[in-house]
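Accompanying notes for the structure given below.
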Amino acid sequence: GISKEVRPPMATILLVDDVELFLELERSYFEGTGHTTVAATSGDEALSRIEEVRPDVVLLDLFMPHMDGTEVCRRIRAMKRWHDLPVIMVTAAGKEEEIRRCLDAGCDDYVTKPVNRKELLEKVGRLLGQVSARTATRAPVPLQVRVEAGGRLFDARVRDLSLNGVFLQAETLLEVGSAVTLHLRFAEGEEVPVTGKVKRVEPGAEGGMGIYLVRPPAQVQKALEVLVAAGASEEGLEPPPLDALRSEVSHLSRRQANLERDNQRLERRVAELETENREFAEQIVQIEEINNSLTNLYISSSRLHSVLNRGKVAEIIKEVIINFVGAEKFAILLLNEESGRLRYEIGEGFEAGSFPAVACGEGILGRVAEEGESYFREESVVEGSDDPLTPLAAIPLRIHDRNMGVLAVYRLFTQKERFQPVDYQLFSMLAEHAATALFSSSLYEVSERKRQTYRDVVDLLLH
């Protein structure tokens, strides 16, 4: 028969975050998808409106005041009507302990800030059934795995797997919804931990557990692709007997001399193709990162330039750096033109009064302020920095050749090894917008003070 295109169902997405700027970004991600978005700015509001909104998926911020995302998720799971409602947690760091907290609270998946639009939409689609594990290529792969759950550790065997999940045969069966860590044995002596969640249980001698893989690491994803492709090519057949394998090896050995030349030529060509594919893949990833960063910057800059109150501008800059750039620890330093020193204005990760004043031209921060050239650490940035005078990155805040200060970054949420060209562009563009907004708001406040003084003088003269 003729296959018909299956259109994904339109859904209502409940967005829960206490930062209005981040809610604007999330709304923009769903534009053009056909989905409807409804926003709540606190956990209490989300719980009170859930019957009215009747969402199909909840996108829930982990860190919120009064009631964090894990508590909101637990309360949703406690409601009989909403027990199976798909919940995606949005977390800043994506650290193992945070992932475990989210899964133990009952969430189905998670994304990290800065959120990647493509990844988010794929996860929403998967939970809505648009990308079903049942339709993904499933292959029988003879892998052994250790399962870690609730303080227990037991062995299991992979019956089949796909890029989205794995079905395990084991004597121990866990409850649906249980968070697990699978220690997959890809090679001799090598185990790779992957976080997952039990989605279904089939009792019986041939039964087991279907495990949904929650954002497997890149190296695991590549290994899964190889295993699935190899398993699928065998059409699900059991491995041949040992004698048959030995016969095949002997046959191949006899033909080896004739095939040696062709194999060498093919190997050279495969190496060339792998290099070309790797370069192409890297370009695609870089383009996606740039597009995602530009989208984030567009949303944030629109909000940034819509206010003229200097205090509000500073707070918006802070939220942008945390949520869109993904900086865990940073500081905005503004230059006092009279003293020629940089002083701490706003930031994250520093106690009040703990940041030293820096003279213009002194150290990394002072040189960036004086020369107007950005500084990026060339070696690894994984560990971060706790020394205020030694940042990972320092970007000048300049407008019309006027030096206003420095944006200094000390620790990132995303565990990247080194800064990439896309990071240079993002930080520089953000610093330019921040400097413009701070300059405009400062001019506006000066203008307002002069206008008020003029009004006071006129009122005094008239009375």
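Please identify every one of the GluC sites (Glu not before Pro) in region 15-85 that sits in a loop by DSSP and has no more than 12 other beta carbons within 10 Å of its own beta carbon.
Values: sites: 20, 24, 26, 31, 45, 51, 52, 71; in loops: 31.
Loop-located and lightly packed - 31.
Listed by chain and number, the lysines whose alpha-carbon sits under 29 Å from that of residue 118, ignoring those within fewer than 8 places in the same chain, are 4, 95, 197, 199, 222, 318, 329, 416.
Shape class for region 345-427, computed from the alpha carbon gyration tensor (a ≥ b ≥ c): oblate, with a/c not under 1.5 and a/b at or below b/c.
Give the calculated FRET efficiency between residue 378 and residue 27 to the nearest 0.05, with a Förster radius of 30 Å applied to their Cβ-Cβ distance.
Values: r = 38 Å, r/R0 = 1.26.
After rounding to 0.05, the efficiency reads 0.20.
Bear in mind that the values in this text are calculations on the coordinates, not laboratory data. From a predicted model like this one, the values you see are computed outputs, not experimental measurements. Positions of Cβ are generated from backbone atoms using ideal geometry, with glycine treated the same way; all protein chains shown enter the neighbour counts.
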